[in-house]
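To start, the structure under review is shown below, and the notes come after it.
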Amino acid sequence: MTSETGSFVKEHATQAAIATPSPGISGFSDDPPPINPRNLVWVALAFLVLAVAIAIDDVWLLNFIHVMAGVLWTGIDLFMGFVIGPIMRRSPVAVRRAMVLRLMPKTLFLLPTLAIITGTAGWFHARQIGLLDVPYPAYWWVFAALTIVTVLTVQGFAVLLPANLLVYFEMRKSAPDGARIGRLMRRYVYAVAFQGLMQVAIIVVMARFVTGL
Ligand code: HEM
């Protein structure tokens, strides 16, 4: 789901009677897989690697995990918002529904995991290299990073995740309530736009960390 999906859902709202999407696309079967709890195994594995990196206190490994998770989180968010979103907006309703119903069960596991790993690894890596002990005014940069990542994570869990789930379950219904999806998506779109801005802001702070406070 993306920032562009607001308009697609608005449009979707007017076409709410998509009980079962048209089988007009040859070979297209709208039988999306359900949310698979087995993905939690991958989530647990990722947290295990993070826990090991923290426990052995390896600077390189923690830096790698932090940067990798951070660029994936930011990159996927921006890609979804500015590439997948516009593509979906211009696609037939049945295709959009099919995409959402397949994307959501993946992003549901992927994005919260990346968010938690980025913030946690960032905190421990900052501690390792002494960034948490720098004096003010340099510490304001650290304060900015911690504030932004907290806002991003809380908003992700309190706004984006529930909105994603509600839209997903509504779309799975045989007769989705387009108006409800539209309402949910409008709230969602503002949150995603704000997340995009914050994601870019934190990369500015990160570049500052790397070039020296
Ligand atoms: C959305 C959240 C975050 C993202 C996407 C992110 C991303 C990045 C990236 C891409 C780098 C490498 C920068 C470069 O090489 O130019 C980096 C480095 C770093 N980040 Fe973050 N980061 C995030 C949050 C945090 C937080 C909350 C902290 C903790 C205060 C933190 C601490 C660090 C540290 C210590 C480095 C390495 C600095 C150095 O090597 O001198 N990051 N981060």
statement: By Cβ neighbour count within 10 Å, fewest first, L111, L146 rank L146, L111
task: Any chance you could check the Cα centroid distance between the range 111-129 and the range 132-188 for me, in angstrom?
output: 17 Å
query: Measuring from label point to label point, each 7 Å out along Cα→Cβ, what is the L197 to L78 span in nm?
result: 1.7 nm
field: ³J(HN,Hα), Karplus 6.51/-1.76/1.60, whole Hz, each residue of the range 188-203, x for Gly, Pro
entry: 5, 4, 5, 5, 5, 4, 5, 4, x, 4, 5, 5, 5, 4, 6, 5
- line: Neighbour-count ranking for W73, W140 (other C-beta within 10 angstrom, fewest to most) reads W140, W73
field: FRET efficiency, A207 to A175 (Cβ-Cβ, R0 35 Å, nearest 0.05)
entry: 0.10
message: Suppose R0 equals 25 Å. What FRET efficiency, 1/(1 + (r/R0)^6) with r the Cβ-Cβ distance, do A51 and R102 give to the nearest 0.05?
response: 0.20
statement: Assertion target for M99, M68, ordered by fewest C-beta neighbours within 10 angstrom first, is M68, M99
query: Modelled label-to-label distance, T150 and V67, 7 Å Cα→beta-carbon offset: nm?
result: 2.7 nm
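Read the figures in this text as sums done on the coordinates, not as results from a lab. All figures in this text were calculated on a predicted structure; none of them were measured in a lab. We place every Cβ from the backbone using ideal geometry, glycine too, and count neighbours over all the protein chains shown.
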